[in-house]
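Here is the structure we will look at, set down as structure tokens.
The values are calculated or read from the model by the stated rules, or taken from the named source; none is laboratory data. Computed from a predicted model, the values in this text were never measured in an experiment. When we count neighbours, we look across all protein chains shown, and the Cβ atoms used for this are built from the backbone with ideal geometry, even at glycine.
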Amino acid sequence: MLFLAVFCGFLAENQREHLVEHQREKKLMETLYSDLKRDTADYTNDTAWWNGTIKRIDTIRMEILKPANERNISLLYRKVGRMRSNNSFQYHDRTIQQLKNGGNFRLIRNKTIADSLIEYDALILTGLKDQETIANGIYQQVNFMQDKIFNSKYFYLTLRQQMVQLDSVIRIDPKVFDLSSASRTDLIQYYNSLEFYQRTMFFRVATMNFLCLKAIRLIDLLEQEYHLK
């Protein structure tokens, strides 16, 4: 009888531990679900931002190739002014950090979800983040060249011009961007830096689109496994 009592107590304790772990798993998957939703929203916003920058660079490079007296100076300053901001993906990894740091990946009973999540995390940390580091270095070079070529006071004026939408209000002196103040060498270097920077954007957008699909797939798996909505 004593053995039976001990054995039943062991079974009860074991069952309780399984119940606690299952509840903990469900809670972690709920927060993971929320994190992935936020990731997908950021992928959508960030890719739109970078695609806009890609088009902006096309416009700037086309204007640079024109003869000095044919360049649209106002357009150049509007486009270059927008280039003075940068964007980085905000990874919502609070749950993944809990899973990694607490050794809690074992709680995920569905191996497909666990493996997909590990792969997703690795792709961001060793893929997207590496691309951002490289691009940030090129971005500094682009900004350095812009500071040599453009007069920053006109960035504020062109921004104000866009806000009030009165093209007749502001006149930008074409000599500001004349080759006498911006050497041919500087222009070519700036042109080439923009091309390199733009190339990193194409890779970044492709990577984010791929990661977005991975995140959506994980969201679908979580919905099916844990009945989340």
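Determine whether Arg38 is of a type in the set (D, E, K, R), under 18 Å from the mean Cα position of the chain (by Cα), farther than 30 Å from Leu228 by Cα and modelled with pLDDT of 80 or more. It is false that Arg38 is of a type in the set (D, E, K, R), under 18 Å from the mean Cα position of the chain (by Cα), farther than 30 Å from Leu228 by Cα and modelled with pLDDT of 80 or more. For the residues Leu107, Leu157, Leu179, Leu128, the requirement of being at pLDDT 90 or above and out of contact with any strand residue (DSSP E or B) (no Cβ under 8 Å at 6 or more places or on another chain) singles out Leu128. Counting only residues that are closer than 21 Å to Arg38 by Cα and either of a type in the set (Ser, Thr, Tyr) or within 23 Å of the chain's Cα centre (by Cα) (or both), segment 100-114 holds 1 of them. All conditions but one from (1) assigned to a helix (DSSP H, G or I); (2) surrounded by 15 or more Cβ atoms within 10 Å (Cβ to Cβ); (3) in contact with an Asp or Glu (Cβ under 9 Å, 6 or more places away or on another chain) apply to Lys148; the one that does not is (2). Pairs linking a residue in segment 39-67 that is without any contact (Cβ under 8 Å) to a residue 60 or more places away in the chain to a residue that is of a type in the set (A, V, I, L, M) and buried (at least 17 other Cβ atoms within 10 Å of the Cβ), with Cβ atoms under 8 Å and 6 or more positions apart or on different chains, are Arg56/Met83; Glu63/Leu76.
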